[in-house]
Structures are given as structure tokens and as C-alpha cells.
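As C-alpha cells, the structure follows; a few thoughts come after it.
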Amino acid sequence: LAAIGTFVFLELPGIENAPAASAADSTNITVQGRQFYWMFTYPNGAISVGTMIAPAGNVVNEIVTAPVTDVVHSWWVPELGGKIDAIPGRDNHTWFEAPVGDYAARCSDLCGIQHARMTAQVKVVPRAQYEQFIAQRAAAPAGVALGKEEYQHACAVCHRLATAFVGPSLGANPLLTDAVGLRTILRLGVGTMPAVG
């Protein structure tokens, strides 16, 4: 135990603290755990759901949180580091630096009935591609791409179009053609369905 304790206390500062990096070589991304999906907010206000886009070879500082009305989640990308809790109303901090590639992410806390489906992906891309993505996403914040991500990673976790799943079938639901009603239910939630954005 003494050897393990000594090793941990000697190595912990290097693990805990992100390496010093200039503004050009680092970025901040907010990771928000929501029932039952992950939402990512970039420095320019751009948003993605279910897939984080991050620059390769740069220090990525993650601010991990959850909405005050949500439950505790745990952000875990096994290939990029340890688990960190997404606690409602509180910011936790972690970081990674990775080469180009795709990395699987998941919630490692039992956060509800669809916990097992609360997965995400971290796509690490060249810095120029990352900059292009966040610029396009900020220019069209309510675009088709974000809507598709939200459906795939938030709605489809509990609903199907043709048959009932955890939630009712959406295929013949008249609410899908009612923009005001749909906006209201997505922003405020209803019954056991949480607000999704």
C-alpha cells in the first residue's frame, strides 16, 4: 500500500493538470450530460449532439456538467482518460490530447432506464477541419444536421417511428407537424419525458 500510495501522489499532478498550451494549441469544449444523450458546446457557441468534434494534437479542456433539473451522469472515453462525473449545476474539469481517430464514449453511471443507450463518439480531426466544423455549425445553429443528431441521439433512444418503444410511437403522431407544440414539448418536456432542447 505504501508503494502504491507513493506512486499515486508522485504521478497525480501530471495526470490531473493539463499541460501548458497556447490559445492556438488548446480549446475548451463543454460536455453536458442529459437524459439520455450528450451535448457538446464549443467556444463559439456551436452545438453538436452525440458526437464531439475535437482538434488533433491540441489540448482539449473539457468542462463536464449536467442541467440543474437532470441526474448525475459520468463522462467516460476509455481511450482518452478516466471517468468524470457530470453533476447537475456543477462544473468538473478534465482534458485530453489525442491523435486523429474515432473514440467511443459512454455514461458510466446508472442514470435511468435508457442508460445503456447513452453513448457518444469523439471524432478527433485535424485543427483546420475542426475550425471549419464549428464555423459552419455556428452559422446554422438550428440546421438539419443538428436536428438529425438530436433525433438520433435523444429522441430515438426512447421512441420509434412505427412501433412503441420506451415512449410512444412517433410515426402517426400529429404533434410532428405542429411546430409550436413540438417546440414546447422539446423545450419543456411532458410527463416522464425530460426536456431535450
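Summary of values
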{"item": "Linear extension gain, K83 paired with A162, 0.36 nm per residue minus alpha-carbon span", "result": "24.8 nm"}
{"item": "Where trypsin sites (Lys or Arg not before Pro) fall in DSSP loop in segment 57-132, at most 12 other Cβ within 10 Å", "result": "R90"}
{"item": "Rel. contact order, % - alpha carbon contacts under 8 angstrom, at least six apart, the chain", "result": "19 percent"}
{"item": "Charge-dipole axis of the chain as Lys and Arg at +1 and Asp and Glu at -1 on Cβ define it, positive-most pick from L161, F9, A195", "result": "L161"}
{"item": "Label-point separation in nm, A140 to N173, each point 7 Å along Cα→Cβ", "result": "2.5 nm"}
{"item": "Isotropic mean projected area of the C-alpha convex hull, segment 84-181 (nm²)", "result": "8.9 nm²"}
{"item": "Distance in nm between pseudo-label sites at L1 and H93 (7 Å out along the Cβ direction from Cα)", "result": "3.2 nm"}
{"item": "Protein accessible area in the chain, 1.4 Å probe - carbon and sulfur %", "result": "61 percent"}
{"item": "Computed [θ] at 222 nm, helices only, for the chain once each DSSP H run of length n ≥ 4 contributes -39500 (n - 2.57)", "result": "-7000 deg cm²/dmol"}
{"item": "Cα→Cβ-extended label distance, 7 Å offset, between Q132 and T69, nm", "result": "3.8 nm"}
{"item": "Within a Gaussian network of the chain (alpha carbon springs, distance under 10 Å), most fluctuating of Q121, Q132, Q152", "result": "Q132"}
{"item": "Residue among P126, S108, W38 farthest towards the positive dipole end of the chain, charges placed on Cβ", "result": "W38"}
{"item": "Accessible area per residue, Å², segment 42-197 with all protein chains present, probe 1.4 Å", "result": "53 Å²"}
{"item": "Hull volume in cubic angstrom per residue (convex hull over the Cα atoms of segment 1-152)", "result": "126 Å³"}
{"item": "Angstrom value of the Kirkwood radius, inverse mean 1/r, which spans all Cα pairs in segment 90-137", "result": "13.3 Å"}
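The values are calculated or read from the model by the stated rules, or taken from the named source; none is laboratory data. All of these numbers come straight from a predicted model, not from anything done at the bench. Note: ideal-geometry Cβ built from the backbone for every residue, glycine included; neighbour counts use all protein chains shown. Just the protein is used for accessible areas: all its heavy atoms, side chains included, with ligands, DNA and RNA removed. Shrake-Rupley method; radii C 1.70, N 1.55, O 1.52, S 1.80 Å.
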